[in-house]
Every structure is written in C-alpha cells, then in structure tokens.
1. Where nothing but the Cβ of Lys and Arg (+1) and of Asp and Glu (-1) is charged, how large is the charge dipole of the chain around its Cα centre, in debye to the nearest 20?
2. Tell me, what ³J(HN,Hα) does each residue in the range 51-60 have, in order and in whole Hz, if you take phi through Karplus 6.51 cos²θ - 1.76 cosθ + 1.60 with θ = phi - 60° and put x for Gly and Pro?
3. Going Cα to Cα from LYS248, which aspartates and glutamates come in below 19 Å? Please leave out same-chain ones fewer than 8 positions away.
4. Run the quick spin-label model on SER221 and GLU121: label points 7 Å from Cα toward the beta carbon, then report their separation in nm to one decimal.
5. Where the centre of each part is set by its Cα atoms, how far does the range 187-201 sit from the range 117-160, in angstrom?
6. Roughly how big is the range 65-162's charge dipole about its Cα centre, with Cβ charges of +1 (Lys, Arg) and -1 (Asp, Glu), in debye to the nearest 20?
7. Using a 1.4 Å probe, how large is the accessible area of SER197, given in Å² and rounded to the nearest 10?
8. Determine the relative contact order of the range 19-251: mean sequence separation of Cα pairs under 8 Å and six or more apart, normalised by residue count, in whole percent.
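The values are calculated or read from the model by the stated rules, or taken from the named source; none is laboratory data. Just so it is clear, the model here is predicted, and its values are computed rather than measured. Here the Cβ positions follow ideal geometry from the backbone for every residue, glycine too, while neighbour counts run over all protein chains shown. All accessible areas refer to the heavy atoms of the entire protein, side chains included, with ligands and DNA or RNA removed. Shrake-Rupley method; radii C 1.70, N 1.55, O 1.52, S 1.80 Å.
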Amino acid sequence: MIFKSSTTAVPETPAVPRHIAIIMDGNGRWATKRLLPRVAGHVKGVEAVRGVVEACALRGIDYLTLFAFSSENWRRPEEEVSLLMRLFVTALEREVSKMHANNIRLKVVGDLSRFDSKLQEMIANAERKTANNTRLTVTVCANYGGRWDIMQATNKMIAANPGVTAFTEEMLAPHLAMAYAPEPDLFIRTGGEERISNFLLWQLAYSELYFTDTFWPDFSSDTLDAAIASYQKRERRFGQTGDQVAKKKTEC
Ligand code: IPE
Ligand code: IPE
Ligand code: MG
C-alpha cells in the first residue's frame, strides 16, 4: 500500500493516531535519580517497551515506531554501547514469540550492517517470523538516523533511475526505510528534551509533537493516553486555514 504524503496531498486525520513514533529518552536520568547505574534505567526501559506495545495494540494503533539507538549513540562509552547491544539481543530472545502470538509484526530499521552478525541474523529471523502479522506493526529504529535514511533513499533512487538528473518527492519516498508505513500522526518524546535528535526527519513533516518530562522507564498507558488526548485536541491544518478544515469536517 502506498500512503499519501503530507506534502503532496492532504492526508486524513484519524481520531485515533494510526502511527505513533516515540523517542524513548530519560533511561539514564531515571537511574541516576535513584543512585543506580545507567544500565538499570535501560533494563527498566525494556519493560516500558513491553507495556507500550501492549497498550498500542489494545487501542487499535496500527504502527508504533520506537527510537532505540541512534546513529550518534555510538559516541557513548563503550561499556554502555555493548550493554545496550546485549539488551537488544535478550529482548529479541524473550519477546519475539510473544509478539508473534499476539499477531504483532516486528520491523527493525537503520544501518544494521554495523551490528554483529549474530544480532543481524536474529533481526532477520524475527522479521521473517512476524512478517504476516496484522494487528500492529512495531518498528524498532536501531543505528537509525534521519539523515542516514534520506541519504540511503537518495542513493537507491539514483540507482533505480539511471540517467535521470531531476527527482521528485514521489520518487524518493518509496526508498525510505519506513516506506511501508504512513507518516506518524503523533510524535512523543519522553525525558523532557524538546528536540528531534536526528529521528524521522522526513516523515515528521506534519506530525503532531508531544513532549513529556516523564522518564521513559516511567512511561505507562496513562502517559500514552495523555499524549493521545493532546493529539485529539489539535487542529491539523496541513497548510490550509482553520475554516477549510472545519468545512471538510462537516462535509464528511
Ligand atoms: C534513552 O535514554 C535510551 C537510549 C538513547 C539508548 P538515555 O540513555 O538517553 O537517557 P538519558 O537521556 O541519559 O537520561
Ligand atoms: C535519542 O536520545 C535517541 C534515542 C532515544 C535512541 P539521545 O539521548 O541520544 O538524544 P540527545 O543526545 O539527548 O539529543
Ligand atoms: Mg538521552
């Protein structure tokens, strides 16, 4: 299925967001506040992931996208990076069968070539196993960067169009890592920072942004519901006037 791009057409504005994208931030500070090592925050963060996946499935969300490791997170101390990799492996070992049993499709996007071959193989197996599930698509962004995504899509687009020197958005979009999903309706960032940190730069063009001070390990279905309630109060105009949006609503 090809989804409408927010810049080339006015997309629908679903009452319940069809796609929620989250920057899961604040694990380290959650731990530090409790005088625990940062790793304790990451461990607790994995539990919060389990909770949000379940909550999204129950609320009829179609796509949940989670920023787990950015292309810039390699700059962290080596022990923290290797611990995050180990946590990723154990989370896959423990969660994939459960996700499959719950009809959840798992996708992992990012430059996976930098991960060790065992992890790459586990990811490929998990994606293959859950590929036909239809209830909810959970995308984990790992070694992902918005600029990486735009550049890899650009390179693929050029290779697919030999001799062409002028390109359109429609030519680029199918090569983006998440071309299988509509653009996020709702973006959430926990942990109090109000920045995009090189997440889905292209896809967030018209997403509603929601920032909360809650640290990721404390994220609950109540936090999710507060974000959805905030989204439901917004008027999504996509460049139009408020009157135009209101008129379209009464026509529907
Ligand atoms: C988010 O939490 C998890 C990852 C980036 C892997 P942080 O580890 O960034 O937590 P803070 O921002 O230092 O509190
Ligand atoms: C963004 O969080 C990346 C992830 C949550 C995976 P960071 O903690 O890395 O972001 P900055 O460094 O504060 O911008
Ligand atoms: Mg952080």
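1. Dipole magnitude for the chain comes out near 260 debye.
2. So the Karplus estimates, Gly and Pro as x, are x, 6, 5, 4, 5, 5, 4, 5, 8, x Hz.
3. Of all the aspartates and glutamates, those that pass the test against LYS248 - Cα under 19 Å, at least 8 places apart if same chain - are GLU12, ASP185, GLU235.
4. My value for the distance between the label points is 3.8 nm.
5. Their Cα centres are 20 Å away from one another.
6. 380
7. 50
8. Relative CO of the range 19-251 lands at 28 percent.
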